1. From the list Thr68, Thr88, Thr38, pick out the single residue that is among the polar types (S, T, N, Q) and in contact with a His (Cβ under 6 Å, 6 or more places away or on another chain).
2. Check whether at least one residue in the range 69-88 is in a helix (DSSP H, G or I), touching a residue at least 60 places away in the same chain (Cβ under 8 Å), within 23 Å of Gly113 (Cα to Cα) and among the β-branched types (Val, Ile, Thr), and report yes or no.
3. Quick one: in the range 76-91, of everything that is closer than 14 Å to Leu20 by Cα and out of contact with any Gly (no Cβ under 9 Å at 6 or more places or on another chain), which residue is surrounded by the fewest Cβ atoms within 10 Å (Cβ to Cβ)?
4. Any idea which residue in the range 1-49 is modelled with the lowest pLDDT, counting only those that are in a loop (DSSP other than H, G, I, E, B) and of a type in the set (Phe, Trp, Tyr)?
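The values are calculated or read from the model by the stated rules, or taken from the named source; none is laboratory data. The shown structure was predicted, so the numbers you read here are calculated from the model rather than taken from an experiment. Virtual Cβ from ideal backbone geometry, glycine too; neighbours counted across all protein chains shown.
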Amino acid sequence: MAANGYGIHSPGGYSLTAVLIAEAVLTAMFLYVILGPTSGPVPMGFAPIAIGFAMTLIHLISIPISNTPVNPPRSTAVAVFNGDGAPTQLWLFWAAPILGAIIASATYALVSGDDVDNAGEVTRSPRDRLAA
């Protein structure tokens with residue numbers, strides 16, 4: 001079964017640190033891709049294309065590292081049915097995506113250049129400033 005893991009349970013034998021960094025960074029990148037086309041004035045219909053391509057790329061990058069969870073419920077389901085060390089490593093595949101989400105939410109305004117108010121709503125994007 002395609003259980004996620006690090007160390008001897010990683011397809012490529014990657015360490016805990018390598019898997020933690022990969023999962024957190026890839027989750028943050030995925031959230032940037034999701035937030036970009038869904039939070040600003042972007043033509044409708046293009047968000048699913050960008051999100052789908054990003055998820056494909058994330059899987060291509062991280063399957064050799066950890067079997068690509070980027071989704072805690074998916075990690076949990078496979079770990080429960082697999083056993084063989086996967087349940088003991090499950091904490092990482094919850095912690096890393098949460099860490100990646102925190103990184104993305106804290107830095108999205110810096111990365112995108114959007115102005116964000118205290119409620120987390122995008123108030124003015126660079127595109128809006130150019131149009132004004």
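1. None of the others qualify; the one that does is Thr68.
2. no
3. Trp91
4. Phe46
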